[in-house]
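Q: Before I ask anything, here is the structure I am working with.
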Amino acid sequence: MASRSKKPSEPAPDGAAHPHVRVAVIGSGFGGLGAGVRLRRAGITDFVILERAAAVGGTWRDNSYPGCACDVPSHLYSFSFAPNPEWPRSFSGQPDIRAYLERVTDTFGLRPHLRFDAEVTEARWEEGPARWRITTTAGTWTADAVVSAAGPLADPQIPDVPGLADFPGKVFHSSRWDHDYDLAGKRVAVVGTGASAAQIVPAIQPRVGRLTVFQRTPAWVLPRRDREITGLEKWLHGALPPTGALRRGALFALRELQVDAFVRRPGLLKLVQKIAERHIAQGVADPALRARLTPDYRIGCKRILLSNTYYPALAAANTDLVASRLAEVRGSTLVGADGSEHEADAIVFGTGFHVTDMPIARRVFGIGGQSLAEEWKGGMEALRGSTVRGFPNLFFVIGPNTGLGNSSMILMIESQLNYLVDALTTLDSVGATAMQPTARAQKHWNLELQHRMDRTVWTTGGCTSWYLDEGGKNTVLWPASTTAFRRATRRVDLAEYELIKRTAPLAAAPLAEEVPA
């Protein structure tokens, strides 16, 4: 007979007791949905997933720009517990990844736990009852634990350009693409040359009248080994699942072998840089343009891009590359920092996200009412990328220093979910209500982490990247292999934590229906 547990309640009317859940998850991208699956598998079904949008998908819902695709092979960019034998390409596009997340939601019974249009406006720790109060645009919940899976690629960043507010044309960010606006024949400016721009530029270049690309810093670009997955391959992976696991294992091993060059011996990247230099030469005939597109830093210092079409699009007759930032907007005239002027009907910002200053941090208040943003004013830090002192029972998925420069973030997400589930079950086993890292454990972890960061290509490569915060500290990337991170998060070490017990009784919450677990 199936076990039974509480169904997450709807928010109560004003003046009534707020519904209480064991866990509140913020976000329904890979991290939030993965958390839901792992919680259910651990027998924890009393949880809600709070999503500010009207559908699941996270960054793969928001980023629907032309050409949007993943730069990690499809069979590695999926949950280990939910293999997909039907990937259409070796590097799948945004629609296929979003469809995969919808299937995961249905397959693992997550729909009843989802609350859409529920943007978290505040999460505040209540010390007496030892719980979180989560206020959203759809009501308020209380929870024993909060999982922040809002993700670092959630909130777009648009630079403060003088005159931008008075631009008479269309303006939007790559992650908020306006599909109702027809670019055909228009004079379009793309600001930025990162991963999104490298996909947008070749996708729109044949359609627009004139394309102007503002490049503050060139990126290293490698060929994209993309192809259609054959029907035979799909059949084989579906009929014989071990073949899919073998393919995933091979992709994983190849990327683990690359780690040493990024984190310990950047000199090994010289051969890769030669491949990138040859790729520029093959894609761009004009030596002057080629010079502007060749970075002056070591490959790997900034994110390496994958594209076979980016350079030809930049070399096209209707494209202008401005080798400087957008400095000013004067009516419909865009002025580069080099003084050049360019007319535009539309501006597309491919300028990234708030990564080192995640907006969710301004909405989370821990012990004593201090905000997470205030705690992190000197740079983001967490113990094992997952927990922060002063914020009991707050668990991060894709927390500080858990990003990757060469492999699949799903590997890191699953490791953090292991840690989350072990923490919650450990609390049950020892009879405690909450846990927070000791000051010593958190400090030791981050000192060691930053010491290892000193040898990486991200520190020694001679560039300034979005991996670094305002103080020049890398608070984004993990300076080791995904295998090492899996070992580091396999289980919770109670010696690194202070345990908290409830000192005030909980108010009675609205009764919830029971459903099969």
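Q: Would it be correct to say that Leu404 is open to solvent by less than 10 Å² (accessible area, probe 1.4 Å) and among the aliphatic types (A, V, I, L, M)?
A: On the way: open to solvent by less than 10 Å² (accessible area, probe 1.4 Å): no; among the aliphatic types (A, V, I, L, M): yes.
For Leu404, the condition - open to solvent by less than 10 Å² (accessible area, probe 1.4 Å) and among the aliphatic types (A, V, I, L, M) - is not met.
Q: Just give me the residues in the stretch 443-484 being at pLDDT 95 or above, in a loop (DSSP other than H, G, I, E, B) and of a type in the set (Val, Ile, Thr), in sequence order.
A: Listed by number, the residues that qualify are Thr456, Thr475, Val476.
Q: Could you identify the single residue in Arg207, Arg264, Arg227, Arg247 that is charged (D, E, K, R) and closer than 29 Å to Thr459 by Cα?
A: Details: Arg207 fails: closer than 29 Å to Thr459 by Cα; Arg227 fails: closer than 29 Å to Thr459 by Cα; Arg247 fails: closer than 29 Å to Thr459 by Cα.
Within the list Arg207, Arg264, Arg227, Arg247, the selection yields Arg264.
Q: Pick out the one residue from Phe108, Phe116 that is touching an Asp or Glu at 6+ places or on another chain (Cβ under 6 Å), modelled with pLDDT of 95 or more and either under 15 Å from Ala35 (Cα atoms) or open to solvent by 10 Å² or more (accessible area, probe 1.4 Å) (or both). Reasoning before the result, please.
A: Numbers: Phe108 fails: touching an Asp or Glu at 6+ places or on another chain (Cβ under 6 Å).
Unique residue meeting the criteria: Phe116.
Q: Moving to a separate point now. Condition first: free of Cβ contacts under 8 Å to residues at least 60 places away in the same chain and farther than 24 Å from Phe262 by Cα. Can you find one or more residues in the stretch 341-349 that meet it?
A: So in the stretch 341-349, the residues free of Cβ contacts under 8 Å to residues at least 60 places away in the same chain come out as 341.
Filter once more, so that each one left must be farther than 24 Å from Phe262 by Cα: 341.
The answer is yes, given that some residue of the stretch 341-349 is free of Cβ contacts under 8 Å to residues at least 60 places away in the same chain and farther than 24 Å from Phe262 by Cα.
Q: Under 8 Å between Cβ atoms, which residue pairs at least 6 apart in sequence (or on different chains) link something in the stretch 263-274 that is within 18 Å of Leu305 (Cα to Cα) with a partner that is open to solvent by less than 100 Å² (accessible area, probe 1.4 Å) and among the basic types (Lys, Arg)?
A: Close Cβ pairs (under 8 Å, with a partner that is open to solvent by less than 100 Å² (accessible area, probe 1.4 Å) and among the basic types (Lys, Arg)) amount to Pro266/Arg298; Leu269/Arg298; Gln273/Arg298.
Q: Counting only residues that are under 21 Å from Arg278 (Cα atoms), of a type in the set (Gly, Ala, Ser) and touching a Pro at 6+ places or on another chain (Cβ under 9 Å), how many does the stretch 188-221 have?
A: 1
Q: Here's another thing I want to ask about it. For the stretch 31-53, name all the residues that are closer than 13 Å to Arg115 by Cα and either among the acidic types (Asp, Glu) or over 19 Å from the mean Cα position of the chain (by Cα) (or both).
A: Selection gives Phe47, Val48, Glu51.
Q: Could you tell me whether Arg440 is open to solvent by 70 Å² or more (accessible area, probe 1.4 Å), closer than 26 Å to Tyr77 by Cα, in a helix (DSSP H, G or I) and of a type in the set (Lys, Arg)?
A: Considered against the rule, which asks whether it is open to solvent by 70 Å² or more (accessible area, probe 1.4 Å), closer than 26 Å to Tyr77 by Cα, in a helix (DSSP H, G or I) and of a type in the set (Lys, Arg), Arg440 comes out as no.
Q: If you don't mind, there's one more thing I want to ask. Counting just the residues of the stretch 179-193 that are open to solvent by less than 30 Å² (accessible area, probe 1.4 Å) and in a loop (DSSP other than H, G, I, E, B), which one comes out farthest from Leu305 (Cα to Cα)?
A: Kept after step one, since they are open to solvent by less than 30 Å² (accessible area, probe 1.4 Å), are these residues of the stretch 179-193: 183, 188-193.
With in a loop (DSSP other than H, G, I, E, B) added as a condition, the list becomes 183, 192-193.
Working: Leu183: 25, Gly192: 13, Thr193: 10 Å.
Of everything passing the filter in the stretch 179-193, Leu183 is farthest from Leu305 (Cα to Cα).
Q: Of the numbered conditions (1) more than 23 Å from Gly461 (Cα to Cα); (2) at pLDDT 95 or above; (3) buried (at least 16 other Cβ atoms within 10 Å of the Cβ); (4) among the hydrophobic types (A, V, I, L, M, F, W, C), Ile367 satisfies every one except a single condition; which is it?
A: Condition (3) is where Ile367 drops out.
Q: Moving on. Which of the residues that make up the stretch 123-149 are open to solvent by less than 40 Å² (accessible area, probe 1.4 Å), among the aliphatic types (A, V, I, L, M) and either in a strand (DSSP E or B) or within 27 Å of Phe30 (Cβ to Cβ) (or both)?
A: Ala123, Ile134, Ala143, Ala145, Val146, Val147, Ala149
Q: Please work out if Gly350 is in contact with a helix residue (DSSP H, G or I) (Cβ under 7 Å, 6 or more places away or on another chain), open to solvent by less than 40 Å² (accessible area, probe 1.4 Å) and modelled with pLDDT of 95 or more. Walk me through how you get there before you give the answer.
A: On the way: in contact with a helix residue (DSSP H, G or I) (Cβ under 7 Å, 6 or more places away or on another chain): yes; open to solvent by less than 40 Å² (accessible area, probe 1.4 Å): yes; modelled with pLDDT of 95 or more: yes.
Yes; evaluated as a whole, the condition is true for this residue.
Q: Follow-up question, since we're still on this one. Can you tell me which residues in the stretch 289-306 are assigned to a loop (DSSP other than H, G, I, E, B) and open to solvent by 20 Å² or more (accessible area, probe 1.4 Å)? Walk me through it before giving the result.
A: To start, the set of residues in the stretch 289-306 that are assigned to a loop (DSSP other than H, G, I, E, B) comprises 294-304.
If the condition is that a residue be assigned to a loop (DSSP other than H, G, I, E, B) and open to solvent by 20 Å² or more (accessible area, probe 1.4 Å), then Thr294, Asp296, Arg298, Lys302, Arg303, Ile304 are the ones that fit.
Q: Now for a separate question. Is it the case that Ala423 is closer than 29 Å to Thr45 by Cβ, over 21 Å from the mean Cα position of the chain (by Cα) and at pLDDT 95 or above? Break it down stepwise before answering.
A: Details: closer than 29 Å to Thr45 by Cβ: yes; over 21 Å from the mean Cα position of the chain (by Cα): yes; at pLDDT 95 or above: yes.
Taking the combined requirement at face value, the residue satisfies it.
Q: May I ask you to list the residues in the stretch 204-217 that are outside any strand (DSSP E or B) and surrounded by fewer than 19 Cβ atoms within 10 Å (Cβ to Cβ)? Full working, then the answer.
A: Step one: filter the stretch 204-217 for residues outside any strand (DSSP E or B), giving 204-209, 215-217.
Matches in the stretch 204-217: Pro206, Arg207, Gly209, Arg216, Thr217.
Q: Still on this model: Any residue that is within 25 Å of Trp478 (Cβ to Cβ) and touching a Lys or Arg at 6+ places or on another chain (Cβ under 9 Å) - is there at least one of those in the stretch 275-291?
A: The answer is no, given that none of the residues of the stretch 275-291 is within 25 Å of Trp478 (Cβ to Cβ) and touching a Lys or Arg at 6+ places or on another chain (Cβ under 9 Å).
Q: Checking Arg440 against (1) over 27 Å from Phe252 (Cβ atoms); (2) touching a residue at least 24 places away in the same chain (Cβ under 8 Å), which single condition isn't satisfied?
A: (2)
Q: Restricting the search to the stretch 213-239, which residues are hydroxyl-bearing (Ser, Thr, Tyr) and within 28 Å of the chain's Cα centre (by Cα)? Walk me through it before giving the result.
A: Start the filter on the stretch 213-239 by keeping residues that are hydroxyl-bearing (Ser, Thr, Tyr), which leaves 217, 230.
Thr217, the sole residue that qualifies.
Q: For Ser9, are the conditions met, namely being modelled with pLDDT of 95 or more and either surrounded by 17 or more Cβ atoms within 10 Å (Cβ to Cβ) or in contact with an Asp or Glu (Cβ under 9 Å, 6 or more places away or on another chain) (or both)? Write out each step before concluding.
A: Values: modelled with pLDDT of 95 or more: no; either surrounded by 17 or more Cβ atoms within 10 Å (Cβ to Cβ) or in contact with an Asp or Glu (Cβ under 9 Å, 6 or more places away or on another chain) (or both): yes.
Criteria not met by Ser9.
Q: Within the stretch 228-236, can one find any residue that is of a type in the set (Asp, Glu) and either within 16 Å of Gly67 (Cα to Cα) or surrounded by 18 or more Cβ atoms within 10 Å (Cβ to Cβ) (or both)?
A: The answer is yes, given that some residue of the stretch 228-236 is of a type in the set (Asp, Glu) and either within 16 Å of Gly67 (Cα to Cα) or surrounded by 18 or more Cβ atoms within 10 Å (Cβ to Cβ) (or both).
Q: In the stretch 60-74, what residues are open to solvent by 30 Å² or more (accessible area, probe 1.4 Å) and more than 17 Å from His179 (Cα to Cα)?
A: Scanning the stretch 60-74 gives a single hit, Asp71.
The values are calculated or read from the model by the stated rules, or taken from the named source; none is laboratory data. Small disclaimer: the values here were computed from a predicted structure and weren't measured. Every residue, glycine among them, receives a Cβ derived from its backbone with ideal geometry; neighbour counts consider all protein chains shown. Keep in mind that these areas ignore ligands, DNA and RNA; they rest on the heavy atoms of the full protein, side chains included. Shrake-Rupley method; radii C 1.70, N 1.55, O 1.52, S 1.80 Å.
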